[in-house]
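Worksheet for the structure shown next.
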Amino acid sequence: EGVHAVFDGGGATTFWPSTEVLRRVGTLVYYGPLIGDIPEVRMFDLPKSIKVTYAVFSDHIHTPELLRQHTGDLFDKIREGKLRIDITGRYPLGEAHQAHSDI
């Protein structure tokens, strides 16, 4: 059957495997090349009538007012305990590569 949606930021190594686990008419949400760019994709190569989307931040948060609104909503959720942020480690700048690996 497959899943309704896959959120993929992996790049070429994960793009096609992500399409394989989607159900018919599922959605692949690509959110950026974290480990490499995606391969060139021909529309007719996509299986099962899936949809592929890529969100660009500035298309959704395109005014200062929207930025204030969304950041306000985010911080309200943190204050209300609806969103918890766990800081599991702190790294000096020189160890940024390790911090990214640990994520």
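Of note:
- Phi-based couplings in Hz for region 83-89 (Karplus 6.51, -1.76, 1.60; Gly and Pro marked x): 9, 10, 10, 9, 9, 9, x
- From helices alone, the chain scores -10000 deg cm²/dmol at 222 nm; the rule is -39500 (n - 2.57) for each run of n ≥ 4 DSSP H residues, then divide by the residue total.
- Stretchable slack from residue 57 to residue 85, in nm (0.36 nm times residue separation minus alpha-carbon distance): 7.9 nm
- Size descriptors for the chain (Cα atoms only): Rg and Dmax, in that order, 17.6, 47 Å.
- Percent of beta bridges antiparallel (DSSP, the chain, rounded to nearest 5): 0
- Label-to-label distance, residue 77 versus residue 98, with points set 7 angstrom from Cα along the beta-carbon direction: 3.1 nm.
- Sorted by Cβ neighbour density within 10 Å, fewest at the top, the residues 22, 66: 66, 22
All of the numbers you see were taken from the coordinates with simple rules; none came from a lab. What you are looking at is a predicted structure, and each value in this text was computed from that prediction instead of being measured. Methodologically, a virtual Cβ is constructed for each residue, glycine included, from the backbone with ideal geometry; neighbour enumeration extends over all protein chains shown.
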